[in-house]
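What follows is a single structure, written as structure tokens, with notes after it.
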Protein chains: 2
Amino acid sequence: MESTFAIIAEPSRRAILSLLATSERSVGDLEEELNLSQPSVSKHLRVLREAGFVESRIDAQRRLYRIKPEPLMEIDAWLAPFRRYWSAHVDALERHLDQMNPAPRRKGRK
Amino acid sequence: MESTFAIIAEPSRRAILSLLATSERSVGDLEEELNLSQPSVSKHLRVLREAGFVESRIDAQRRLYRIKPEPLMEIDAWLAPFRRYWSAHVDALERHLDQMNPAPRRKGRK
DNA sequence: CTTGAATATACTCGTATGGTTATATAACTG
DNA sequence: CAGTTATATAACCATACGAGTATATTCAAG
């Protein structure tokens, strides 16, 4: 019953997706890169898998997860009607992000 | 404490934004176009306003709400790293959306 | 077949959030 | 000012969801 949008509302799930954007990873990889408990990672991956954001392949005892783009494409498509507001405000985003992101770039936090 | 993504996780809020994408509307307009209670609309608008998705101007007793693009631009920006998956799958989205959206197109109705 | 590593699942708990009803505030109308 | 329209806010409730702990499952190694 979770919508595509609800799925990426969760910060840990977005973090997982961002890591997978670069390359395939195992549960353990994600666990340590994100400082999350193993059950937590598995649970999020389950949600992501059932919603079609990721798929896994088996490598011995490990599962390697990778991105499946369709749901993200759906979100991209939803944004379409709003894009006409963009061009006028090309650099408004930078200002906005600056004020959201106090520190320029920090490793994974506490 | 609501993230940009959490805000648009709510279906009614997405509906409000989609309506506002076309044109400015009053609370009453939204209320009837979406079949929501007035307090519910006001509450969602408050969340959207505080997160910078919309702004309002006063017209007598009515408040006219309109889109502010910045947070949506932020989401658009977040999608950037995944766009490299798009091109390969140009029409995969259509298939995906078809299977999500059973009926092709229906008026807003209750 | 036993052990250990990697991952999945079950269960419980606390909290955040959306809906509703009722009430408050504000502005126009006469 | 009284009445009415438009919107906001408050209080309450039910539910959903993420975190954590414990346990189950699967596979490789010896």
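The values are calculated or read from the model by the stated rules, or taken from the named source; none is laboratory data. Because the structure is predicted, anything quoted here is derived from the model rather than measured. Note that each Cβ is placed from the backbone with ideal geometry, even for glycine, and that neighbours are counted across all protein chains shown. With ligands, DNA and RNA removed, areas are computed over all heavy atoms of the protein, side chains included. Shrake-Rupley method; radii C 1.70, N 1.55, O 1.52, S 1.80 Å.
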Report, as an integer, the average count of C-beta atoms from other chains found within 10 Å of each Cβ along B:39-48.
0
Buried area at the A-B interface (accessible, heavy atoms, 1.4 Å probe, summed, Å²)
3300
Looking down the axis that turns A into B, which residue of A has the closest beta carbon, and how many Å out?
A:ALA9, 2
Can you give the accessible area of B:GLU33, probe radius 1.4 Å, in Å² rounded to 10?
80
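Ignoring ligands, DNA and RNA, what percent of the 1.4 Å accessible area of region B:4-80 is carbon and sulfur?
Heavy-atom surface of region B:4-80 belonging to carbon and sulfur, 1.4 Å probe: 45 percent.
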Once R0 is set to 41 Å, what does the formula 1/(1 + (r/R0)^6) return for the Cβ-Cβ distance between A:GLU33 and B:GLU33, expressed as a FRET efficiency to the nearest 0.05?
0.40
Simple label model, 7 Å out from Cα along Cβ direction - B:ARG57 to B:GLU2, nm
2.5
Can you give me the C-alpha center-to-center distance between region A:21-54 and region B:1-68, rounded to a whole angstrom?
34
Label point 7 Å beyond Cα along the C-beta direction, distances from A:SER18 to other copies (nm, shortest first)
2.8
Using only C-alpha atoms and all pairs of different ones, pull out the Kirkwood radius for region B:4-80 in Å with one decimal.
12.5
